[in-house]
Amino acid sequence: MFGGMDEVDWAALEHAYGPADDVPQMLRGLASEDAAEREAALDGMYGTVHHQGDVYDATLACIPFLVELAADPAVQDRGGIVELLTSIGGIDLDGDDELDPDDEEFEYAANYAMAASAVTAGADVFLALIDCDDRGVRLAVPLALATLHNEPELVLGLLRERLKIEQDPEVRFACVEAAGRIALRHRLLASEVVEWLIELARMPYEPGPPPEGAASG
C-alpha cells in the first residue's frame with residue numbers, strides 16, 4: 001500500500017494551511033488499526049486538503065492513495081474514505097461559461113475539474129463495494145456511484161439488484177436516493193427511475209426486527 005507516496009514532493013504542494021508535508025501521515029492514519037487514529041486522520045483530511053470543500057494541488061495528489069485505501073478490504077472504516085472521495089470528486093461547477101486563465105477563480109475551477117476526472121477514473125472501485133460486509137461502506141457507495149461513475153445505466157441496474165436483497169433500511173434508502181440523483185443528472189434515465197420508484201411505493205412494507213435492546217410492546 002501507498003506505493004510511490006514517499007516519492008511525492010508533498011512540501012512543494014499546498015493545502016488550506018500551507019505546505020502539505022503532513023499529508024502522508026494522515027493518509028497512513030486512515031489505514032491505522034486504531035479507531036481514534038483513523039478518525040483523527042479523516043478529520044485532518046477534511047480540515048486541510050478538503051477544507052470547506054476546496055480542492056488544492058495536495059488534494060489532487062491524495063486521490064490515487066484514497067482510491068487505494070477504499071479498495072483495500074484490510075482497511076477499516078472505508079465508508080468515510082468513500083464519502084471523502086465523493087465530496088472531492090463530485091463538485092459541480094456553476095455556470096457553463098469558460099473561465100479566463102487570468103481569472104483568479106481559474107485555478108480553483110481547474111482543480112475541481114481535475115479532481116472530478118481523477119476520482120471518476122477510479123470509480124470502478126466502488127462497483128465491488130456495493131455488497132460489502134461493512135455497513136458504513138454500503139451506506140456511502142450508492143451516492144458515490146451515482147455521482148462519480150460514468151455508466152449510469154450500469155449503476156442503476158446495480159442499485160435495483162441491491163435493493164432486492166438489502167435488509168438495512170438506511171442502506172435501502174441510500175440506494176433509492178442515489179437512483180434519484182441519477183435521474184437528475186441523466187434525464188434520459190429519469191422516466192425509468194420514476195417507474196421504478198412508483199413500483200417500489202406499491203410494494204407492501206415489511207418492517208424489520210426492532211433494534212437490539214429495544215423494549216418490546
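Points to keep in mind about this one:
- Filter pass, Val55 being outside any helix (DSSP H, G or I), farther than 20 Å from Leu129 by Cβ and without any contact (Cβ under 8 Å) to a residue 40 or more places away in the chain: no
- Ser32, sole failed condition from (1) closer than 14 Å to Thr59 by Cα; (2) open to solvent by less than 30 Å² (accessible area, probe 1.4 Å): (1)
- Considering residues of the stretch 98-118 that are aliphatic (A, V, I, L, M) and surrounded by 17 or more Cβ atoms within 10 Å (Cβ to Cβ) only, the residue modelled with the lowest pLDDT: Ala109
- Test: residue in the stretch 32-43 that is under 13 Å from the mean Cα position of the chain (by Cα) and in a loop (DSSP other than H, G, I, E, B): no
- Residue, farthest from Val171 (Cα to Cα), within the stretch 52-90, restricted to residues that are open to solvent by less than 20 Å² (accessible area, probe 1.4 Å) and among the polar types (S, T, N, Q): Thr59
- Of all residue pairs spaced 6 or more apart or on separate chains, those with beta-carbon atoms under 6 Å, a first member in the stretch 129-151 that is farther than 14 Å from Ala116 by Cα and a second member that is assigned to a helix (DSSP H, G or I) and aromatic (Phe, Trp, Tyr) are Val141/Phe126.
- Which numbered condition Ala20 misses (of (1) open to solvent by 40 Å² or more (accessible area, probe 1.4 Å); (2) more than 29 Å from Ala174 (Cα to Cα); (3) in contact with a strand residue (DSSP E or B) (Cβ under 9 Å, 6 or more places away or on another chain)): (1)
- Residue check, Leu85 in a helix (DSSP H, G or I), closer than 14 Å to Ala118 by Cα and out of contact with any Phe, Trp or Tyr (no Cβ under 7 Å at 6 or more places or on another chain): yes
- Scanning the stretch 125-154 for residues being under 18 Å from Arg181 (Cα atoms) and β-branched (Val, Ile, Thr) gives a total of 3.
The values are calculated or read from the model by the stated rules, or taken from the named source; none is laboratory data. Keep in mind the model is a prediction, meaning the values are calculated, not measured. Note that we place each Cβ from the backbone using ideal geometry, even for glycine, and neighbour counts take in every protein chain shown. For accessibility, only protein heavy atoms count, side chains too; no ligands or nucleic acids. Shrake-Rupley method; radii C 1.70, N 1.55, O 1.52, S 1.80 Å.
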